[in-house]
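S.K.: What follows is a structure written as structure tokens; I'll ask about it next.
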Amino acid sequence: MLSDHAKAALDPYMAQIVGYRKSGLSLNHIIGCPLDCAYCVRHFWGNFEVKVPHLLCSTDEAIDRLLNHEAFQPHITPIQLLNKATDSFVPAVKPHLFQILRALDERGYTNHVLVITRFHVTERDMAELEQLKHLRVTLLFTYSGITDDRIEPIAKSETTIKSIRTAATFKRRTGVVLYWRPIVPGWNDQPATMAAVLDLGRVADAIVFTGLYHKKESADYMRALGIEVPYGEDYHRRKTMPRDLDNRVVSAWRQSGISTPLFRKTSCGVAYAHGTPDYNGHWGVRELCDICPAKQQKLCADDYREPTAADMDTVLAQLGYETHYVIEPGHVWTHGLGEQRRYAIQHTLRHQIWELDQPHYLHAHGRSLNGHTAEPEQVMALAGVRKQFEQTARYEDD
């Protein structure tokens with residue numbers, strides 16, 4: 001257990017035990033990881049040097065906090081476990097992971113549960129997961145094909161490769177996704193490297209790919225190790241996946257001839273693994289769906305429904321949130337809610353909820369603008385939305 005003194009010194013984000021992220025309501029009551037991935041997001045919150053996992057509270061209390069969170073809805077809210085500050089399958093953490101899963105499953109919840117790892121997953125672990133009767137659990141194995149052990153020390157052991165194959169062999173109900181990330185120019189974008197990752201992906205239910213969180217804290221750390229970091233000083237809050245790199249990934253996948261589908265979004269791969277429509281409503285951003293299997297496209301299309309003003313008002317009242325909003329085809333603009341509240345609405349409606357101050361652009365949805373160009377028509381459309389918000393606020397002030 002982390003001491004009270006140490007807890008008080010934590011960055012507020014690291015101290016938050018339950019919080020909302022795009023892929024689900026996230027439970028993180030354990031922080032500290034020994035795997036030393038050089039680009040780890042814990043650099044951003046000053047926690048990278050903590051190698052030994054520590055509890056912020058008991059696991060029983062963590063479960064209680066999750067189930068009593070304002071946004072938790074049985075059978076609806078996607079859940080992420082221990083994905084912010086540790087790895088769920090390191091020995092000190094794994095017993096807590098299984099305790100949480102059993103507690104949720106015993107209640108009969110059918111929520112999606114996402115578990116991210118790159119560590120040892122054994123046949124015994126899979127047997128434990130397969131005993132679950134209700135939860136829709138997906139293992140997302142972070143695997144990039146990077147061989148530089150300054151960037152990923154675990155890579156030289158082939159631990160993740162073995163775990164993916166083990167999970168794929170013994171899964172029945174459990175989803176298995178190869179989480180191909182980060183894909184970074186100069187690190188792992190060579191044709192042979194891509195081909196090797198895709199070949200491993202043959203055994204998975206789905207492959208999800210994405211880029212690098214390019215931020216100063218991690219970039220400085222890597223440069224100090226002598227690692228060449230691309231993208232210069234163009235840091236961004238979203239992951240970087242230039243359009244030409246996206247095109248090369250998709251082209252490599254098509255040329256590989258594998259039958260495993262490729263997805264740009266985590267929720268899309270998770271949904272496919274369990275035969276459900278995408279809970280993030282990405283069907284409203286049709287450009288993302290060009291690589292999705294026809295069967296999955298139909299599933300998402302049949303489930304898709306544009307929310308009405310009454311729908312928005314009902315959900316806002318249900319969650320106790322307030323915001324102006326503008327409904328447009330495929331998405332709803334909001335302002336000032338913050339990410340966590342936006343995602344709670346998004347998962348309730350299974351529809352894209354966007355923030356006016358953090359707009360998405362064509363072909364760069366959910367990605368930084370590094371390697372993308374905002375088209376003039378989109379810039380003009382966004383200006384029009386801003387004007388609608390300004391007029392609404394002025395009217396209400398009057």
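The values are calculated or read from the model by the stated rules, or taken from the named source; none is laboratory data. This is a predicted model, so every value here is computed, not measured. Ideal geometry is used to build each Cβ from the backbone, glycine not excepted, and the neighbour counts take in all protein chains shown.
S.K.: What is the residue count in segment 220-238 for residues that are at pLDDT 95 or above and either acidic (Asp, Glu) or under 21 Å from the mean Cα position of the chain (by Cα) (or both)?
M.R.: 2
S.K.: Select from segment 102-140 the residues that are in contact (Cβ under 8 Å) with a residue 60 or more places away in the chain and of a type outside the set (Val, Ile, Thr) and write down the one among them that is nearest to residue 208 (Cα to Cα).
M.R.: 140
S.K.: Can you tell me which of 264, 172, 243 is more than 21 Å from residue 136 (Cα to Cα) and either surrounded by 15 or more Cβ atoms within 10 Å (Cβ to Cβ) or of a type outside the set (Asp, Glu) (or both)?
M.R.: On the way: 264 fails: more than 21 Å from residue 136 (Cα to Cα); 172 fails: more than 21 Å from residue 136 (Cα to Cα).
So the residue among 264, 172, 243 that is more than 21 Å from residue 136 (Cα to Cα) and either surrounded by 15 or more Cβ atoms within 10 Å (Cβ to Cβ) or of a type outside the set (Asp, Glu) (or both) is 243.
S.K.: Can you tell me how many residues within segment 73-88 are on the phi > 0 side of the Ramachandran plot and crowded, with 24+ Cβ neighbours inside 10 Å? Walk me through it before giving the result.
M.R.: Within segment 73-88, the subset on the phi > 0 side of the Ramachandran plot is 75, 82.
This time we only want the ones that are crowded, with 24+ Cβ neighbours inside 10 Å, so: 82.
So the answer is 1.
S.K.: Scan segment 45-64 for residues that are buried (at least 17 other Cβ atoms within 10 Å of the Cβ) and either in contact with a helix residue (DSSP H, G or I) (Cβ under 6 Å, 6 or more places away or on another chain) or among the acidic types (Asp, Glu) (or both) and report the count. Let's see the steps before the verdict.
M.R.: To start, the set of residues in segment 45-64 that are buried (at least 17 other Cβ atoms within 10 Å of the Cβ) comprises 45, 47-48, 50, 53-56, 59, 62-63.
Add one more test, that the residue is either in contact with a helix residue (DSSP H, G or I) (Cβ under 6 Å, 6 or more places away or on another chain) or among the acidic types (Asp, Glu) (or both), and what stays is 45, 47-48, 59, 63.
Residues in segment 45-64 being buried (at least 17 other Cβ atoms within 10 Å of the Cβ) and either in contact with a helix residue (DSSP H, G or I) (Cβ under 6 Å, 6 or more places away or on another chain) or among the acidic types (Asp, Glu) (or both): 5 in total.
S.K.: Next up: Consider residue 362 carefully, then state whether it is in a loop (DSSP other than H, G, I, E, B), out of contact with any helix residue (DSSP H, G or I) (no Cβ under 9 Å at 6 or more places or on another chain), more than 28 Å from residue 66 (Cβ to Cβ) and not assigned by TED's automatic domain parsing to the domain that holds residue 183.
M.R.: Numbers: in a loop (DSSP other than H, G, I, E, B): yes; out of contact with any helix residue (DSSP H, G or I) (no Cβ under 9 Å at 6 or more places or on another chain): no; more than 28 Å from residue 66 (Cβ to Cβ): yes; not assigned by TED's automatic domain parsing to the domain that holds residue 183: yes.
Criteria not met by residue 362.
S.K.: Further question on the same structure: Does any residue of segment 372-395 turn out to be surrounded by 12 or more Cβ atoms within 10 Å (Cβ to Cβ), in contact with a Lys or Arg (Cβ under 9 Å, 6 or more places away or on another chain) and touching a residue at least 40 places away in the same chain (Cβ under 8 Å)?
M.R.: Within segment 372-395, one or more residues are surrounded by 12 or more Cβ atoms within 10 Å (Cβ to Cβ), in contact with a Lys or Arg (Cβ under 9 Å, 6 or more places away or on another chain) and touching a residue at least 40 places away in the same chain (Cβ under 8 Å).
S.K.: Which one of the conditions (1) out of contact with any His (no Cβ under 9 Å at 6 or more places or on another chain); (2) over 17 Å from residue 238 (Cα atoms) does residue 336 fail to meet, given that it meets all the rest?
M.R.: The single condition residue 336 does not satisfy is (1).
S.K.: Hey, another quick one. Would you point out which residue out of 250, 197 is at pLDDT 95 or above and crowded, with 22+ Cβ neighbours inside 10 Å?
M.R.: Working: 250 fails: crowded, with 22+ Cβ neighbours inside 10 Å.
Criteria check complete, one pass: 197.
S.K.: Sticking with this structure for a sec: Kindly indicate whether residue 137 is under 20 Å from the mean Cα position of the chain (by Cα), at pLDDT 95 or above, farther than 30 Å from residue 219 by Cβ and not in a helix (DSSP H, G or I).
M.R.: Details: under 20 Å from the mean Cα position of the chain (by Cα): yes; at pLDDT 95 or above: yes; farther than 30 Å from residue 219 by Cβ: yes; not in a helix (DSSP H, G or I): yes.
Taking the combined requirement at face value, the residue satisfies it.
S.K.: What are the residues in segment 294-327 that are of a type in the set (S, T, N, Q) and more than 24 Å from the chain's Cα centre (by Cα), if any?
M.R.: So the first thing to find is which residues in segment 294-327 are of a type in the set (S, T, N, Q), and the list is 296-297, 308, 314, 318, 323.
Listed by number, the residues that qualify are 308, 314, 318, 323.
S.K.: Among 220, 234, 148, which is the only one that is part of a helix (DSSP H, G or I) and either surrounded by fewer than 14 Cβ atoms within 10 Å (Cβ to Cβ) or in contact (Cβ under 8 Å) with a residue 60 or more places away in the chain (or both)?
M.R.: On the way: 234 fails: part of a helix (DSSP H, G or I); 148 fails: part of a helix (DSSP H, G or I).
Every option except 220 fails the conditions.
S.K.: Right, next: Taking segment 18-44 as the search range and keeping residues that are surrounded by fewer than 20 Cβ atoms within 10 Å (Cβ to Cβ) and among the hydrophobic types (A, V, I, L, M, F, W, C), which one is farthest from residue 279 (Cα to Cα)?
M.R.: In this case the residue turns out to be 35.
S.K.: Next up: Which of the residues belonging to segment 380-398 are more than 27 Å from the chain's Cα centre (by Cα) and either modelled with pLDDT of 85 or more or at positive phi (or both)? Working first, answer last.
M.R.: The initial filter retains those residues of segment 380-398 that are more than 27 Å from the chain's Cα centre (by Cα), namely 380-381, 383-398.
Those that are more than 27 Å from the chain's Cα centre (by Cα) and either modelled with pLDDT of 85 or more or at positive phi (or both): 380, 381, 383, 384, 385, 386, 387, 388, 389.
S.K.: From the set of residues in segment 316-333 that are free of Cβ contacts under 8 Å to residues at least 40 places away in the same chain and aromatic (Phe, Trp, Tyr), which is surrounded by the most Cβ atoms within 10 Å (Cβ to Cβ)?
M.R.: The initial filter retains those residues of segment 316-333 that are free of Cβ contacts under 8 Å to residues at least 40 places away in the same chain, namely 316-318, 321-323, 325, 327, 332.
Restricting the remaining residues to those that are aromatic (Phe, Trp, Tyr) gives 321, 325.
On the way: 321: 18, 325: 21.
Among those residues, the one meeting the criterion is 325.
S.K.: Still on this structure, please answer the following. Would you mention how many residues in segment 253-281 are under 19 Å from the mean Cα position of the chain (by Cα) and under 16 Å from residue 207 (Cβ atoms)?
M.R.: 15
S.K.: Further question: Identify, please: which residue in segment 282-293 is hydrophobic (A, V, I, L, M, F, W, C) and crowded, with 18+ Cβ neighbours inside 10 Å and is, among those, nearest to the chain's Cα centre (by Cα)? Give the steps one after another, and end with the answer.
M.R.: Our first condition is that a residue be hydrophobic (A, V, I, L, M, F, W, C); within segment 282-293, this holds for 283, 285, 288-289, 291-292.
Add one more test, that the residue is crowded, with 18+ Cβ neighbours inside 10 Å, and what stays is 283, 285, 288-289, 292.
Details: 283: 17, 285: 17, 288: 16, 289: 17, 292: 18 Å.
Looking at residues that are hydrophobic (A, V, I, L, M, F, W, C) and crowded, with 18+ Cβ neighbours inside 10 Å, I get 288.
S.K.: Just the residues that are assigned to a helix (DSSP H, G or I) and either free of Cβ contacts under 8 Å to residues at least 60 places away in the same chain or under 20 Å from residue 149 (Cβ atoms) (or both), please, taken from segment 207-217.
M.R.: As a first pass, look at segment 207-217 and keep what is assigned to a helix (DSSP H, G or I): 216-217.
Scanning segment 207-217 gives a single hit, 216.
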